[in-house]
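A.B. asks: One structure coming up, written as structure tokens, with questions to follow.
The values are calculated or read from the model by the stated rules, or taken from the named source; none is laboratory data. Worth saying up front: this structure is predicted, and the values here are computed from it rather than measured. Heads up, the Cβs are rebuilt from the backbone with ideal geometry, glycines too, and the neighbour counts pull from every protein chain shown. Just the protein is used for accessible areas: all its heavy atoms, side chains included, with ligands, DNA and RNA removed. Shrake-Rupley method; radii C 1.70, N 1.55, O 1.52, S 1.80 Å.
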Number of protein chains: 2
Amino acid sequence: MNRSILTVPVRKVEGDSPAPFPAPIQDLLAVEEPLEIRLGDKSISITMRTPGNDFELAAGFLFTEGILHHAAEIGEIGWSPASHANGGQNQRQLGNSVTVLLNPGVEVDLERLERHFYTTSSCGVCGKASIEAVAMQGCPMLPRHAPVVQSSVIHGMPGTVRRAQPVFERTGGLHAAALFSPDGTLQLLREDVGRHNAVDKLIGAEMLGERTPLSNHVMFVSSRASFELVQKALMAGIPILAAVGAPSSLAVETAQRFNLTLLGFVRDSRFNIYSGASRIQ
Amino acid sequence: MNRSILTVPVRKVEGDSPAPFPAPIQDLLAVEEPLEIRLGDKSISITMRTPGNDFELAAGFLFTEGILHHAAEIGEIGWSPASHANGGQNQRQLGNSVTVLLNPGVEVDLERLERHFYTTSSCGVCGKASIEAVAMQGCPMLPRHAPVVQSSVIHGMPGTVRRAQPVFERTGGLHAAALFSPDGTLQLLREDVGRHNAVDKLIGAEMLGERTPLSNHVMFVSSRASFELVQKALMAGIPILAAVGAPSSLAVETAQRFNLTLLGFVRDSRFNIYSGASRIQ
């Protein structure tokens with residue numbers, strides 16, 4: 001059973017259908033369910049996500065938020081016991097809470113979770129503070145030029161991802177995040193109703209496989225490029241982020257600050273370069 | 001000066017441009033900046049949003065989260081004083097923190113903010129708990145049939161919104177939320193990089209104008225329909241939600257539970273009815 005898809009009855013209206021409306025037909029929806037992420041006995045976050053690759057999502061979230069840094073810090077990832085899931089009694093409920101246990105001696109900065117990520121004491125709440133907060137999370141500047149990717153490789157990514165995205169094809173409801181090598185080979189793809197979750201699942205899988213930093217890769221997302229996605233790419237050391245949609249101002253400013261190559265409107269054999277043009281040939 | 005748009009240099013690559021790439025041209029981006037929402041001296045939330053209509057955003061957020069219920073509870077909404085904005089010293093920083101002051105005698109349930117919205121003690125973390133949490137916020141069931149809207153009116157909404165969305169036209173980076181009367185007249189439109197912010201700005205404007213509940217309106221969104229957007233529509237008493245994109249499973253289940261009419265894939269003179277078909281003629 002695929003927990004990512006649900007069948008529901010839908011009435012499809014086209015133009016001025018004659019009344020009464022056509023009878024409902026069965027159609028597919030992307031599933032959205034809450035996932036609780038626990039670090040030991042502490043509840044860290046609840047996100048609305050599409051079930052599937054939940055351990056990767058938990059690991060990726062803790063990694064891109066700067067709480068964890070290496071797979072070696074993790075002792076075990078599993079479904080939270082029923083007592084932690086507030087008395088959850090069946091598989092579905094049990095499958096909505098993940099607990100990450102750390103190895104002995106590993107300390108994490110839980111206070112980071114209490115602090116506001118987008119504020120600094122020096123300049124209050126502003127875009128500049130948000131960018132500085134990324135630096136304070138320990139993101140290094142990316143090396144200036146490598147890798148170099150052909151523009152034809154970028155042009156090919158939307159089609160490659162669409163062909164590899166079976167759930168999206170059937171529901172239209174999922175964002176994709178995909179990892180490519182510089183020659184355009186698709187390495188990994190993850191889907192979710194939330195674009196940040198798709199990215200966390202992707203980066204989490206690589207982090208658990210001890211393949212981070214991803215310094216020789218391109219990340220492609222089927223969504224717009226927000227500040228949050230740029231931040232997650234930087235935390236994973238990804239030098240090139242290519243988005244189907246538009247970037248925001250803060251995404252561009254952050255990319256420029258850290259030497260990330262940011263591409264937007266990647267579709268129909270066109271794209272815009274907002275930062276880091278030297279990596280595109 | 002329009003704070004919603006920023007001009008940046010962009011290199012536009014089309015097909016296999018001959019090297020070197022075309023020189024940068026000036027292009028427009030949607031601005032993304034953090035906004036802190038304060039209730040008195042307490043920091044409630046920080047959201048990444050597009051500047052503009054920030055007081056409406058703050059009011060709408062507090063309203064759709066179930067913290068505030070009527071405009072009469074609000075004494076004043078203004079930019080946070082510099083001391084609250086952690087020493088913010090210029091207009092831009094000052095313009096990223098909004099403080100809502102309540103009228104004397106108004107009490108709010110701040111503990112609600114500490115509790116996890118998507119969990120209940122009876123069934124832990126699951127979709128059903130998320131739906132029940134909406135009921136516990138005080139959402140009444142919507143009346144079963146009214147209003148009734150012609151399908152031709154729904155077909156016309158994407159075009160009407162696109163024509164009324166000047167920033168999107170120029171940046172491609174903004175979500176829209178629009179309020180329509182049942183005859184298809186556009187009442188109000190708000191834009192933001194975050195779809196939930198666009199909805200909060202829209203509902204906040206109506207709440208501040210003392211026009212909630214919006215029981216004779218259609219809300220149109222240029223995005224997918226997530227659980228969160230259905231929840232916000234219900235908090236405002238909106239009986240019909242029409243989305244350009246796909247709904248999620250939990251959005252459909254929540255709409256069915258509260259008699260909300262949920263329409264998806266509203267584009268190209270077509271749409272799907274997922275719930276509440278009796279309101280469409």
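A.B. asks: Is there a residue in the range A:21-38 that is surrounded by fewer than 23 Cβ atoms within 10 Å (Cβ to Cβ), within 9 Å of chain B (Cβ to nearest Cβ) and of a type in the set (Lys, Arg)?
C.D. replies: Looking through the range A:21-38, none of the residues is surrounded by fewer than 23 Cβ atoms within 10 Å (Cβ to Cβ), within 9 Å of chain B (Cβ to nearest Cβ) and of a type in the set (Lys, Arg).
A.B. asks: Something else now. Among what's in the range B:39-48 and is touching a helix residue (DSSP H, G or I) at 6+ places or on another chain (Cβ under 7 Å) and at the interface with another protein chain (Cβ under 10 Å from one of its Cβ atoms), pick the residue that is nearest to residue A:268 (Cα to Cα).
C.D. replies: B:48
A.B. asks: Do you know which residues across the range B:104-120 are surrounded by 11 or more Cβ atoms within 10 Å (Cβ to Cβ) and modelled with pLDDT of 60 or more?
C.D. replies: Matches in the range B:104-120: B:106, B:108, B:110, B:112, B:113.
A.B. asks: What residue, among those in the range B:227-244 that are assigned to a loop (DSSP other than H, G, I, E, B) and open to solvent by 10 Å² or more (accessible area, probe 1.4 Å), is nearest to residue B:179 (Cα to Cα)? Please lay out each step first, then the result.
C.D. replies: Step one: filter the range B:227-244 for residues assigned to a loop (DSSP other than H, G, I, E, B), giving B:236-239, B:244.
Then keep just the ones that are open to solvent by 10 Å² or more (accessible area, probe 1.4 Å); that gives B:237, B:244.
Working: B:237: 12, B:244: 14 Å.
Once the filter is applied, the top-ranked residue is B:237.
A.B. asks: Please go through the range B:246-267 and pick out each residue that is open to solvent by 10 Å² or more (accessible area, probe 1.4 Å) and free of Cβ contacts under 8 Å to residues at least 60 places away in the same chain.
C.D. replies: Step one: filter the range B:246-267 for residues open to solvent by 10 Å² or more (accessible area, probe 1.4 Å), giving B:253, B:256-257, B:259, B:265, B:267.
B:256, B:265 - these are the residues of the range B:246-267 that are open to solvent by 10 Å² or more (accessible area, probe 1.4 Å) and free of Cβ contacts under 8 Å to residues at least 60 places away in the same chain.
A.B. asks: Let me ask something else about it. Since residue B:192 meets every condition but one in (1) touching a Lys or Arg at 6+ places or on another chain (Cβ under 7 Å); (2) within 19 Å of residue B:234 (Cβ to Cβ), which condition does it not meet?
C.D. replies: Condition (2) is where residue B:192 drops out.
A.B. asks: Sticking with this one: Output the residues belonging to the range A:9-62 that are within 26 Å of residue B:150 (Cβ to Cβ) and small (Gly, Ala, Ser).
C.D. replies: Listed by number, the residues that qualify are A:15, A:17, A:19, A:23.
Rundown of residues vs (1) assigned to a loop (DSSP other than H, G, I, E, B); (2) in the same structural domain as residue B:244 (by TED's automatic domain parsing); (3) at negative phi; (4) open to solvent by less than 10 Å² (accessible area, probe 1.4 Å), yes/no style:
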| site | (1), (2), (3), (4) |
| --- | --- |
| B:187 | no, yes, yes, no |
| B:191 | no, yes, yes, no |
| B:197 | no, yes, yes, yes |
| B:201 | no, yes, yes, yes |
| B:204 | no, yes, yes, yes |
| B:207 | no, yes, yes, yes |
| B:210 | yes, yes, no, no |
| B:214 | yes, yes, yes, yes |
| B:219 | no, yes, yes, yes |
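A.B. asks: Residue A:223 fails exactly one of the following numbered conditions: (1) among the hydroxyl-bearing types (Ser, Thr, Tyr); (2) in a loop (DSSP other than H, G, I, E, B); (3) buried (at least 24 other Cβ atoms within 10 Å of the Cβ). What is the number of that condition?
C.D. replies: Of everything listed in (1) among the hydroxyl-bearing types (Ser, Thr, Tyr); (2) in a loop (DSSP other than H, G, I, E, B); (3) buried (at least 24 other Cβ atoms within 10 Å of the Cβ), residue A:223 misses just condition (3).
A.B. asks: Do you know which of the residues in the range B:159-185 that are assigned to a helix (DSSP H, G or I) and more than 14 Å from chain A (Cβ to nearest Cβ) is surrounded by the most Cβ atoms within 10 Å (Cβ to Cβ)?
C.D. replies: As a first pass, look at the range B:159-185 and keep what is assigned to a helix (DSSP H, G or I): B:159-163, B:166-171.
Next, from what is left, pick out any that are more than 14 Å from chain A (Cβ to nearest Cβ): B:159-163, B:166.
Values: B:159: 11, B:160: 17, B:161: 21, B:162: 13, B:163: 10, B:166: 14.
This residue is B:161.
A.B. asks: Moving to a separate point now. Starting from the range B:212-229, take each residue that is in contact (Cβ under 8 Å) with a residue 60 or more places away in the chain and within 14 Å of chain A (Cβ to nearest Cβ) and list its partners that are buried (at least 20 other Cβ atoms within 10 Å of the Cβ) and of a type in the set (S, T, N, Q), counting only C-beta distances under 9 angstrom and pairs at least six apart or across chains.
C.D. replies: Close Cβ pairs satisfying both conditions: B:227/B:130; B:227/B:248; B:227/B:249; B:227/B:254.
A.B. asks: Further, regarding this structure: Would you be able to say whether some residue in the range B:251-263 is farther than 21 Å from residue B:60 by Cα and small (Gly, Ala, Ser)?
C.D. replies: No, the range B:251-263 contains no residue that is farther than 21 Å from residue B:60 by Cα and small (Gly, Ala, Ser).
A.B. asks: Inspect the range A:124-134 for any residue being within 22 Å of residue A:268 (Cβ to Cβ) and part of a loop (DSSP other than H, G, I, E, B) and give the result as yes or no.
C.D. replies: Pass one, the range A:124-134, residues within 22 Å of residue A:268 (Cβ to Cβ): none.
Within the range A:124-134, none of the residues are within 22 Å of residue A:268 (Cβ to Cβ) and part of a loop (DSSP other than H, G, I, E, B).
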